[in-house]
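Below is one structure, written out as structure tokens, with a few remarks after it.
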Amino acid sequence: LSKMGSLFAPLSNVAMALPISKWVLEKVTGIDRRRSMPRFDRGSFLKAGAKYLAARGPVANPVDKVAYFVDTYANFNDHELGFAVLDVLRHNGVEVVLPDQRPSPVPAIVYGDVGLAQRDLAYNVKHLARAVREGYKIVCSEPSAALCLSQELRHYVDGEDAVLVSRSTVELMNYLAALRSQGKLKPPTTPITDKFAYHLPCHLSAVGDETVTLRLLHDHFKIDIADLQAGCCGLSGTFGMQAKNYDLASQISESLKTALAKSTTQSILTECAACKMQIEHIAPATTIHPVNLLARSYGL
């Protein structure tokens, strides 16, 4: 679907919203017809981002160097997220590069396709290890990707380079919080007066501080944000999108659905693309990655 979307985004976005398309998709892939597929942006962010970085030129006297691991959603569905990551990092004096990469093979791991997982992770290790040896940290805006590279990777690829990549990978919000602790994160320039609610992704809990985003947004960026404290969204990637698991995913999401109904705002922040899809499926909410809000607070 990601490859199809990158080539035929305008057509696929319209076609996949049609009832007949959803029916066919359910019959062919098992994705429940009640689910809406995310919109596709035209082309890939990796190509667009590389052109953008080339046009902007290097950061003068960088405080740090980062290799951005984009992953599937930002690459094919949400280029704005990818550009927000580049802009926020560069605004804070961080040099950013986009190494050759393949999406983290979390679905392959979940469904037991060991061969595919090994091939894609080996490809990523080859290119990411080169960046690490040149002094770059690996930063992921998608918590599942950070979990895959920092923990799952070592079960599928052996060698010094795999260990190097695993130990050098960090999730974006945890990385920005580390910059702040070092006195390197710039203050906001544009006040954000809107109110937001925050949903904690399960995979973010597994790779860093559960409160990192809340503290960063409230303490440093002075943003009014409430914690939904609702537990798992229930989607679990493609698991909850399958027709056979739809009811179970809905039951798991009841706590989140209740919290969203009680929330004083339907402007929701979460780092996980799957959580975003589930939130917008069960509530009339608008959901964005926190880094989009940080870009706005910097006037970018």
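The values are calculated or read from the model by the stated rules, or taken from the named source; none is laboratory data. Keep in mind the model is a prediction, meaning the values are calculated, not measured. With ideal geometry, Cβ positions are generated from the backbone for all residues, glycine too; neighbour counts draw on all protein chains shown. Areas reflect the complete protein model, heavy atoms only, side chains present, ligands, DNA and RNA absent. Shrake-Rupley method; radii C 1.70, N 1.55, O 1.52, S 1.80 Å.
List of remarks:
- Just so you know, the averaged projected area of the alpha carbon convex hull for the chain sits at 15.3 nm².
- Among the listed pairs Lys184/Lys222; Lys51/Lys184; Lys137/Lys222; Lys186/Lys276, those beyond 19 Å (Cα-Cα): Lys51/Lys184; Lys137/Lys222; Lys186/Lys276
- Inter-label distance for Glu80 and Lys244, nm, one decimal - labels placed 7 Å from Cα along Cα-to-Cβ: 3.7 nm
- Shape box of the range 203-250 [Cα atoms, principal axes, largest first, Å]: 44, 22, 13
- When a 1.4 Å probe is rolled over the protein heavy atoms, the share of accessible surface on the chain that falls to carbon and sulfur comes to 55 percent.
- Residues in the range 17-158 average 47 Å² of solvent-accessible surface per residue, probe 1.4 Å, ligands and nucleic acids excluded.
- Assigned charges on the beta-carbon of Lys, Arg, Asp, Glu; the chain dipole about Cα centre (debye): 580 debye
- Distance between modelled label sites at Ala54 and Gln182, nm, 7 Å Cα→Cβ extension: 2.9 nm
- Sorting 83-94, 152-163 by average packing, meaning the other beta carbons within 10 Å per residue, from highest down gives 83-94, 152-163.
- Top positive-direction residue, dipole computed over the range 145-212 with Cβ charges, set Ser168, Leu149, Leu185: Leu185
- Ala261 versus Arg102: modelled label distance in nm, points set 7 Å from Cα along the beta carbon direction: 4.4 nm
- The smallest convex shape that holds all Cα atoms of the range 48-154, its convex hull, gives 97 Å³ per residue.
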